[in-house]
Amino acid sequence: MAFSAWRGIAGIIHPTLRPGALEEFIRLLPEGIGVIPLFTNIRRGTRDEFLTMMSAYEEQIALLAEQGCDAIHPNGAPPFMVHGLAGEAKIVRDWEEKYKVPIFTAGQNHITALRALGVKSIVGASYFPGEINNTFAQYFRDAGFEVKCMEGIDVPFNKAQELSGEQVYAHIKKHFLRVGGADAIYMLGSGWRTLHIIQTLEDDLEVPVVHPVPARVWEFQKRLHVNEPRKGYGRLLESMPALP
């Protein structure tokens, strides 16, 4: 069965059952874009778990392709970033060839957004503690960016949504100033509820912020040939630059 909506259908696969990001995504989308959301069930948020998830994602991609989605977004940056930039690209190419639908991952979306904004260097933040942040940083270095830092907050994976925006703001600002700034701030992960600090960070630190939720809204609009800017969620969604 295939479904339709008058401006297109967005298929999205969320990596966890955590509420929040899907609701934010739908609220920011223009009217007329339909959404078919599916989920995997990542529980621990660890490297070894991420490395096992591709078959679960593919099962959902096959289902979304059957429904006639115009583009499919397997969300969740870490499950793909742990395969490396080249490994992720091959996975996506193989899926696109098999299912005949445009597909873009979270990491690919973030790279595209940074390039659309003309960014060369980033200060990154995540809610993952420890060495996996080095993997995230290397992913962006392999894509050609200077990563001034990629600093995680030490919080349990299932508690990221409980971080306050003020905590996240302070964490990002501290490290941005420590390294002398960058062309942009990058926020890895959709688990935290931080849309409300994007504009404040941009105003205070005078650089754009790439946050996963506005970034995917922007790219879905561009892929579906829709152009409705939104104010208050950062430069990307307000200026709606072309896909590079």
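Read-outs: derived from the displayed coordinates by stated rules, not from any lab. Bear in mind the structure is a predicted one, so any value in this text is a computation, not a measurement. Please note: Cβ atoms are built from the backbone with ideal geometry, for glycine as well, and neighbour counts cover all protein chains shown.
Candidates are the residues of the stretch 78-89 that are in contact with a helix residue (DSSP H, G or I) (Cβ under 6 Å, 6 or more places away or on another chain) and surrounded by fewer than 24 Cβ atoms within 10 Å (Cβ to Cβ); the one that is nearest to Gly8 (Cα to Cα) is Glu88.
Applying the criterion of being of a type in the set (Phe, Trp, Tyr) and more than 15 Å from Gly76 (Cα to Cα) to the residues of the stretch 94-134, the residue that is surrounded by the fewest Cβ atoms within 10 Å (Cβ to Cβ) is Tyr99. Filtered by the rule that a residue be farther than 16 Å from Glu49 by Cβ and aliphatic (A, V, I, L, M), the stretch 70-103 gives Ala71, Ile72, Leu85, Ala86, Ala89, Ile91, Val92, Val101, Ile103. Residues of the stretch 170-193 being of a type outside the set (A, V, I, L, M, F, W, C) and more than 13 Å from the chain's Cα centre (by Cα), which ones? Selection gives His171, Lys173, Lys174, His175, Arg178, Gly180, Gly181, Asp183, Arg193.
Residues in the stretch 135-150 that are more than 22 Å from Ile42 (Cβ to Cβ), surrounded by 18 or more Cβ atoms within 10 Å (Cβ to Cβ) and not hydrophobic (A, V, I, L, M, F, W, C): Lys148 alone. Go through the residues of the stretch 172-185 one by one and say whether even a single one is surrounded by 22 or more Cβ atoms within 10 Å (Cβ to Cβ), touching a Gly at 6+ places or on another chain (Cβ under 7 Å) and within 12 Å of Ala125 (Cβ to Cβ). No: zero hits.
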